[in-house]
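Worksheet: the structure to be examined is printed underneath.
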Amino acid sequence: MQKELKIIINKCRELLSRIFVRYDKQWPYIITSAIALLIVVGGIKLFIKLTENLKTDVLAQYDTNITDYIISHRSPALTQYLVFVTNVGDVYGYLIVFPLCSLAFYLIFKSWNYVLQLSLVMVLALSSNILLKDVINRSRPELEHLVTVETLSYPSGHAMTAMAFYGFLIYLFYRFRINLFSKCIGIVLLTILIFSIGLSRIYLGVHFPSDIVGGFIAGFIWVVFCALIFNIIRAFRRDPST
């Protein structure tokens, strides 16, 4: 019996050895994909959990406390800055920023690949935001609005598109072969811009803090999902056996 068990164990060991040797080059892709999928699934579950709690008293209290604290710091100079920031995260802002990014990518890398990738991320974020707003149907805060708004509240379109667009730019900066100092500066500035856009919507009285969190989560999901898909496509183009 012991001999038979040893034979089975040795056979299994040989089989696993062949499998690991065969997939040795593929492990980085497999591990990266698995981690990215876990992040996407975790993000979706977190977004659903937040959405389910929108009408709870606990979340309403958090929204009120955070909003009151942020609004208490209103000043002419800060209002002017955050109105500018919120305009950067609006449609007209992207109509300026996107062509500039597209031109820079083409001039530097001589390719439209990054432009197409950024375009896809934006289209997915914008279309899903419109759909989510209609389905969830949350009204805007009953506060003084310092800017004009016409759509529903949750999730915040500004927060979602800022995280999707500028978040994907952060991912691209991370991948770019540029010096470390420039890379870090670019990532830090883009991160500040993303959170400034989110903060501006609360400060201007047009969103609840939970709208911003929901928008950030949804936008981040698209960044990770698209980065995963683009990496898989690139891997298969380089090595079809992958």
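Going by accessible area, probe 1.4 Å, with all protein chains left in place, what is the ranking of 68, 57, largest first?
57, 68
If ligands, DNA and RNA are left out, what is the accessible area of residue 101 with a 1.4 Å probe, given in Å² to the nearest 10?
Its heavy atoms expose roughly 20 Å² to the probe.
What net charge do the residues around residue 154 carry, taking every other residue with its C-beta under 10 Å from that of residue 154, with Lys and Arg at +1 and Asp and Glu at -1?
+2
Find the Cα radius of gyration of segment 35-175, compare it with 2.2 N^0.38 Å by division, and give the number to two decimals.
1.22
Please work out how much accessible surface residue 234 shows to a 1.4 Å probe, ignoring ligands, DNA and RNA, in Å² rounded to 10.
Estimated to the nearest 10 Å², residue 234 gives 50 Å².
Could you please put 176, 109 in sequence from largest to smallest accessible area, using a 1.4 Å probe?
Reading off the accessible areas and sorting them downward yields 109, 176.
So for the pair residue 180, residue 116, with labels modelled 7 Å out along Cα→Cβ, what separation do we get in nm?
It is 3.4 nm.
Does segment 147-242 come out rounded, prolate or oblate by the C-alpha gyration tensor, with a ≥ b ≥ c the root eigenvalues, rounded set by a/c under 1.5 and, if not, prolate when a/b is larger than b/c and oblate if not?
Oblate is the answer for segment 147-242, as a/c is 1.5 or above yet b/c matches or exceeds a/b.
With every protein chain kept in the model, how would you rank 49, 110, 55 by accessible area, 1.4 Å probe, largest at the top?
Sorted by accessible area, descending: 55, 110, 49.
Evaluate Rg over Rh across segment 114-192, taking Cα atoms for both radii and Kirkwood's formula for Rh.
1.10
Run the 1.4 Å probe and let me know the accessible area of residue 41, rounded to the nearest 10 Å².
The accessible area comes out at roughly 80 Å².
The values are calculated or read from the model by the stated rules, or taken from the named source; none is laboratory data. None of these values were measured; they are calculated from a predicted model. As a convention, Cβ positions derive from the backbone with ideal geometry for all residues, glycine included, and neighbour counts pool all protein chains shown. Protein only, heavy atoms only, side chains kept; ligands, DNA and RNA dropped before computing areas. Shrake-Rupley method; radii C 1.70, N 1.55, O 1.52, S 1.80 Å.
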